[in-house]
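Encoded as structure tokens, the structure appears first; notes follow it.
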Amino acid sequence: MTEPTADWQASACILCECNCGIVVQVQDRRLARIRGDKQHPASRGYTCNKALRLDHYQNSRNRLTSPMRRRPDGTYEEIDWDTAIAEIAAGLQAIATTHGGDKIMYYGGGGQGNHLGGAYSGAVLKALGSHHRSNALAQEKTGEHWVDAHFYGGHTRGEFEHAEVSVFVGKNPWMSQSFPRARVVLNEISKDPARSMVVIDPVVTDTAKMADFHLRVRPGTDAWCLAALAGVLVQEKLCDEDFLAQHVNGVDAVREVLAEVPVGEYARRCGVDEDLVRAVARRIGTAGSVAVFEDLGVQQSPNSTLCSYLNKMLWILTGNFGKRGAQHLHSSFAPLFRPGGVGRTPVTGAPIIGGLMPSNVVPEEILTDHPDRFRALIVESSNPAHSVADSGAVARAFAELELLVVIDVAMTETARLAHYVLPAASQFEKVEATFFNLEFPHNTFHLRHRLMEPLPGTLPEPEIWARLMRALGVVDDAELTPLRRAAAQGLPAFTEAFLAAVGANPGLGKVLPFVLYETLGPSLPEGLSGAAALWGLAQKAAMTYPEAVRRAGHADGNALFEAILTERSGVTFTVHEYEDDFALIAHPDRRIALEMPEMLADIRALVDTPAGRTDAEFPIVLSAGERRAFTANDIIRDPSWRTRDTDGALRVSVEDAASLGLVDGGRARITTAAGSAEATVEVTAAMLPGHAALPNGYGLDFADADGGAEVPGVAPNALTSSTWRDAYAGTPWHKHVPARIEKVVEKAEAAGRVPAMS
Ligand SMILES: Nc1nc2c(c(=O)[nH]1)N[C@H]1C(S)=C(S)[C@@H](COP(=O)(O)OP(=O)(O)OC[C@H]3O[C@@H](n4cnc5c(=O)[nH]c(N)nc54)[C@H](O)[C@@H]3O)O[C@H]1N2
Ligand SMILES: Nc1nc2c(c(=O)[nH]1)N[C@H]1C(S)=C(S)[C@@H](COP(=O)(O)OP(=O)(O)OC[C@H]3O[C@@H](n4cnc5c(=O)[nH]c(N)nc54)[C@H](O)[C@@H]3O)O[C@H]1N2
Ligand code: SF4
Ligand SMILES: [Mo]
């Protein structure tokens, strides 16, 4: 092997929402060497173990290199781009004309590293009259978003770097990261005697091991634990009364309900010592600053929306907002949710929150003879046939679609159900970015330049969407000519021409990303045309947060856009002051609105709500989809990226292993109401009796040239059910699937022979 000679080029890791900055040496299209990028304003050189394995994504043998069309016998043939675009545009148009554009649904729009494609999809969907969509956020964050929308109309993040007390609820940041430099920050907290870490998790996770307080709740009982904690805050007078009087509405109604919480009884119901619950509440109630992170352990478990509501009491009642080390609203470069109230899906009437229908109802919205069922689906950068509950139901529903189009880099489980598959350039072969810009007081945005040309046969998504748009023929190209000319003269001229053009024809504003791609795109430096849509977002950021954008060193929207194009390691786009938190509250009175009658009724009802959901047939709670050292959703298909846990072990407690006759490294069959699978067993004291866990991201098939495929581990959604979901948000209970586990008797043992010991 020759030594890489290329320069270090800046990019980012695409395996989780942190998108840590990396620098890469490329050799023969390989990501030959990867390091953390010290220049990146958020990650500052940090990466976890996974970033070094990114070449397994870039150079997977399952990469697509040509548009594909399904033949009647289910096999695929390669077709050229012009044919694919023309046929897909005609197919979508036909469905829009016959049944209405709202029968076309869109799923996905970006994974952990790529949101530019999704930004361009909007123009095509609007042109077709399609507005229904869903994505993975509707499998986790919509319940929390509903509560957030009511409280303050925004999204909050904790400032763990400076928090005196950090609370992780159903969140294992040592493994799953999710905030900048997670392991560095966790180490700092655990070493500092003046700071505390609270972890609420049934499992002794790597994070729980570092915690000062581990509330080891029984799975699915967080609502009682959180109600008890909030109850203590009220009953022991640990609330920040000045803060509540000045900044919060609806406190009395909440206080009344929490005053009645039977703390001792709820502590028993969640399996945590009452003294420990009280000690944690006192630590939180007397701290100088508290930051909180709730994640899938509660968001994908029973009572998930109620847990989001209760969890936020911990920092709101104690006034941990608008100060260093506390919880913050933050600026956003492009919001992940749409504004507006809760809508309803056309077939099942499920809640549409933040513009997203629950992933779980997607099959039911297709597989029916209801006249308003979806007839076409476009999937971009997502693998719902593997990542959405009940993979069997998803596959049956997708088979009924008149048109399924998948845009992906690889031949996925979902692509194999599609009528057309469009091959995207990888995230290292095009300009890319994410809208996971969630920090305060310094918020960052990183435009990644491509490291190499697109793999022959592939196209970046902005170009795919532009071609579909041109084929639909909605925009008269003559209208774009003046804008193109102005763009060639520079951003000030373009800004002026743009305002004039949209003033004259507001219709152009509706298909804005396309207009920008077609007009500003060609004038941008080589390889950056896909960044054109960011011009509009930069203008919006500068208008929404004028002071904070100026403090970050950008005079106006054009200056911010120029900085985004130039800075290879990312830019800080807003710098806030702590008081700004209050201005970021969306309500006109800039106060937090704490009272939600449904949630208060649910807290009252906890007294009579059963906590257990297992039964004699399915006595064990399975957490289907735990984050581990070598999981990264469905992003890397090549199993050789993993250096350990290659089978994705089923983790079981010592007690369950003993009673079920399971041994470490042995095999077990796991059965749920939805399906059954076989896994390798890991016996561990980290699990509570009656609780087992399988990792996410396993059970992906990795095809070889002979048509065979390796499928390591268990696909978690072979075991989950569509109907197993939250009443308010429809989010799945992936972490709480009633299951039965049985020992798989090896052939040798069954035949009465004792396996040789080695
Ligand atoms: N390594 C790795 N990191 C990732 C990802 C990945 O695939 N791999 N994916 C990214 C994505 S998309 C996301 S959304 C995040 C998710 O990040 P996390 O939410 O941290 O990930 P999980 O491991 O799924 O679940 C968190 C914890 O919930 C606990 N849990 C299970 N049941 C319960 C319960 O009833 N109550 C409580 N309190 N806890 C419970 C589990 O023991 C686990 O420790 O991770 C991101 N980071
Ligand atoms: N049982 C269970 N199910 C779960 C979870 C769980 O914990 N348990 N977690 C849920 C959560 S939190 C999440 S976030 C979802 C994630 O599930 P998905 O929404 O399916 O997202 P990813 O796994 O990130 O899938 C990314 C897809 O994008 C493709 N891709 C990568 N780069 C590009 C690109 O540049 N362009 C295009 N067009 N495609 C690209 C990859 O090949 C892959 O097919 O899974 C959910 N499903
Ligand atoms: S997986 Fe997440 S935390 Fe790890 S390097 Fe990648 S972006 Fe950073
Ligand atoms: Mo996620």
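Report whether or not Arg396 is away from ligand 1 (no atom under 16 Å from the Cβ) and either assigned to a strand (DSSP E or B) or in contact with a helix residue (DSSP H, G or I) (Cβ under 8 Å, 6 or more places away or on another chain) (or both).
Details: away from ligand 1 (no atom under 16 Å from the Cβ): yes; either assigned to a strand (DSSP E or B) or in contact with a helix residue (DSSP H, G or I) (Cβ under 8 Å, 6 or more places away or on another chain) (or both): yes.
When the stated conditions are applied, Arg396 passes them.
Taken together, the residues in the range 426-450 that are in contact with a Leu (Cβ under 7 Å, 6 or more places away or on another chain) and within 16 Å of ligand 4 (Cβ to nearest atom) amount to 1. Scan the range 399-419 for residues that are outside any loop (DSSP other than H, G, I, E, B) and out of contact with any Asp or Glu (no Cβ under 7 Å at 6 or more places or on another chain) and the total you get is 9. A Cβ distance below 9 Å, combined with a sequence gap of six or more or placement on separate chains, defines the contacts here; from the range 43-65, residues that are among the hydroxyl-bearing types (Ser, Thr, Tyr) reach residues that are more than 14 Å from ligand 3 (Cβ to nearest atom) and open to solvent by 20 Å² or more (accessible area, probe 1.4 Å) in the pairs Tyr57/Val409; Tyr57/Asp638; Ser60/Val409; Ser60/Asp638; Thr65/Glu78; Thr65/Leu455; Thr65/Pro456; Thr65/Gly457.
Kindly indicate the residue of the range 463-482 that is in a helix (DSSP H, G or I) and farther than 21 Å from Glu380 by Cβ and also least open to solvent (accessible area, probe 1.4 Å) among those meeting that condition. Ranking the candidates gives Leu480 first. Would the range 529-540 turn up any residue that is among the small types (Gly, Ala, Ser), within 30 Å of Glu159 (Cβ to Cβ) and surrounded by fewer than 14 Cβ atoms within 10 Å (Cβ to Cβ)? Scanning the range 529-540 turns up no residue that is among the small types (Gly, Ala, Ser), within 30 Å of Glu159 (Cβ to Cβ) and surrounded by fewer than 14 Cβ atoms within 10 Å (Cβ to Cβ).
Ala486 satisfies every condition listed in (1) over 30 Å from Ala552 (Cα atoms); (2) buried (at least 20 other Cβ atoms within 10 Å of the Cβ); (3) among the small types (Gly, Ala, Ser) except (1). Residue count for the range 15-59, restricted to those that are open to solvent by less than 40 Å² (accessible area, probe 1.4 Å) and either more than 20 Å from the chain's Cα centre (by Cα) or more than 7 Å from ligand 3 (Cβ to nearest atom) (or both): 20.
For the range 257-272, does any single residue satisfy the condition of being modelled with pLDDT of 95 or more, in the same structural domain as Phe168 (by the TED database), within 16 Å of ligand 2 (Cβ to nearest atom) and of a type outside the set (Asp, Glu)?
Of all residues in the range 257-272, those modelled with pLDDT of 95 or more come to 257-272.
Subsequent filtering for residues that are in the same structural domain as Phe168 (by the TED database) retains 257-272.
Filter again for within 16 Å of ligand 2 (Cβ to nearest atom), leaving none.
No, there is no match, as no residue in the range 257-272 is modelled with pLDDT of 95 or more, in the same structural domain as Phe168 (by the TED database), within 16 Å of ligand 2 (Cβ to nearest atom) and of a type outside the set (Asp, Glu).
Exactly one residue among Thr672, Thr680 is polar (S, T, N, Q) and in contact with a Ser or Thr (Cβ under 8 Å, 6 or more places away or on another chain), and that residue is Thr672. Scanning the range 178-222 for residues that are on the phi < 0 side of the Ramachandran plot and touching a His at 6+ places or on another chain (Cβ under 6 Å) yields a total of 4. Exactly one residue out of Val217, Val203, Val198, Val185 is more than 21 Å from the chain's Cα centre (by Cα), within 16 Å of ligand 2 (Cβ to nearest atom) and hydrophobic (A, V, I, L, M, F, W, C), and it is Val203. Collect the residues in the range 6-38 that are among the polar types (S, T, N, Q) and either within 16 Å of ligand 1 (Cβ to nearest atom) or touching a Gly at 6+ places or on another chain (Cβ under 6 Å) (or both), keeping them in residue-number order. Once the filter is applied, which keeps residues that are among the polar types (S, T, N, Q) and either within 16 Å of ligand 1 (Cβ to nearest atom) or touching a Gly at 6+ places or on another chain (Cβ under 6 Å) (or both), the range 6-38 yields only Asn19. Of the set (1) of a type outside the set (Ser, Thr, Tyr); (2) under 25 Å from Asp80 (Cβ atoms); (3) part of a loop (DSSP other than H, G, I, E, B), all apply to Pro423 but (3). For Leu650, are the conditions met, namely being away from ligand 1 (no atom under 16 Å from the Cβ), open to solvent by less than 70 Å² (accessible area, probe 1.4 Å) and in contact with an Asp or Glu (Cβ under 8 Å, 6 or more places away or on another chain)? For Leu650, the condition - away from ligand 1 (no atom under 16 Å from the Cβ), open to solvent by less than 70 Å² (accessible area, probe 1.4 Å) and in contact with an Asp or Glu (Cβ under 8 Å, 6 or more places away or on another chain) - is not met.
Gly625: within 16 Å of ligand 4 (Cβ to nearest atom) and under 13 Å from His736 (Cα atoms), yes or no? I'd like the intermediate steps shown before the answer.
On the way: within 16 Å of ligand 4 (Cβ to nearest atom): yes; under 13 Å from His736 (Cα atoms): yes.
Considered against the rule, which asks whether it is within 16 Å of ligand 4 (Cβ to nearest atom) and under 13 Å from His736 (Cα atoms), Gly625 comes out as yes.
Kindly indicate whether any position in the range 71-92 is open to solvent by less than 60 Å² (accessible area, probe 1.4 Å) and within 16 Å of ligand 1 (Cβ to nearest atom). Checked against the condition, which is being open to solvent by less than 60 Å² (accessible area, probe 1.4 Å) and within 16 Å of ligand 1 (Cβ to nearest atom), the range 71-92 yields no hits at all. Residues that are assigned to a loop (DSSP other than H, G, I, E, B) and under 30 Å from Ser331 (Cβ atoms) were ranked within the range 445-460; the one that is least open to solvent (accessible area, probe 1.4 Å) is Leu447.
Tallying residues that are touching a residue at least 24 places away in the same chain (Cβ under 8 Å) and either within 16 Å of ligand 3 (Cβ to nearest atom) or open to solvent by 40 Å² or more (accessible area, probe 1.4 Å) (or both) within the range 275-303 yields 9. Among the residues of the range 529-562, the one identified as over 27 Å from the mean Cα position of the chain (by Cα) and within 16 Å of Ala433 (Cα to Cα) is Glu562. Within the range 100-131, if we keep just the residues that are more than 14 Å from ligand 2 (Cβ to nearest atom) and in a loop (DSSP other than H, G, I, E, B), the residue that is surrounded by the most Cβ atoms within 10 Å (Cβ to Cβ) turns out to be Ser130. The residue pairs whose first member lies in the range 398-425 and is more than 16 Å from ligand 4 (Cβ to nearest atom), whose second member is among the acidic types (Asp, Glu) and assigned to a loop (DSSP other than H, G, I, E, B), and whose beta carbons are closer than 8 Å, counting only pairs six or more residues apart or on different chains, are Glu413/Asp701. What are the residues in the range 165-180 that are open to solvent by 20 Å² or more (accessible area, probe 1.4 Å) and either hydrophobic (A, V, I, L, M, F, W, C) or in contact with a helix residue (DSSP H, G or I) (Cβ under 9 Å, 6 or more places away or on another chain) (or both), if any? Asn172, Trp174, Met175, Ser176 - these are the residues of the range 165-180 that are open to solvent by 20 Å² or more (accessible area, probe 1.4 Å) and either hydrophobic (A, V, I, L, M, F, W, C) or in contact with a helix residue (DSSP H, G or I) (Cβ under 9 Å, 6 or more places away or on another chain) (or both). Of the residues in the range 402-417, not one is of a type in the set (Gly, Ala, Ser), within 16 Å of ligand 3 (Cβ to nearest atom) and open to solvent by less than 10 Å² (accessible area, probe 1.4 Å). Any residue that is touching a helix residue (DSSP H, G or I) at 6+ places or on another chain (Cβ under 7 Å) and more than 20 Å from Leu296 (Cβ to Cβ) - is there at least one of those in the range 199-210? Checking the range 199-210: not a single residue is touching a helix residue (DSSP H, G or I) at 6+ places or on another chain (Cβ under 7 Å) and more than 20 Å from Leu296 (Cβ to Cβ). Taking the range 132-244 and the strands (runs of 3 or more DSSP E) fully enclosed by it, the elements with 3 or more residues that are among the aliphatic types (A, V, I, L, M) are at 165-169, 196-200.
Is there a residue being farther than 30 Å from Leu128 by Cα and modelled with pLDDT under 95 anywhere in the range 6-26? Within the range 6-26 (the criterion being farther than 30 Å from Leu128 by Cα and modelled with pLDDT under 95), the answer is yes, since at least one residue qualifies.
The values are calculated or read from the model by the stated rules, or taken from the named source; none is laboratory data. No experiment lies behind these values; they were computed from the predicted model shown. Neighbour counts are summed over all protein chains in view; Cβ atoms, including those assigned to glycine, are modelled from backbone coordinates with ideal geometry. Quick note on the areas: whole protein, heavy atoms, side chains included, nothing else; ligands and nucleic acids left out. Shrake-Rupley method; radii C 1.70, N 1.55, O 1.52, S 1.80 Å.
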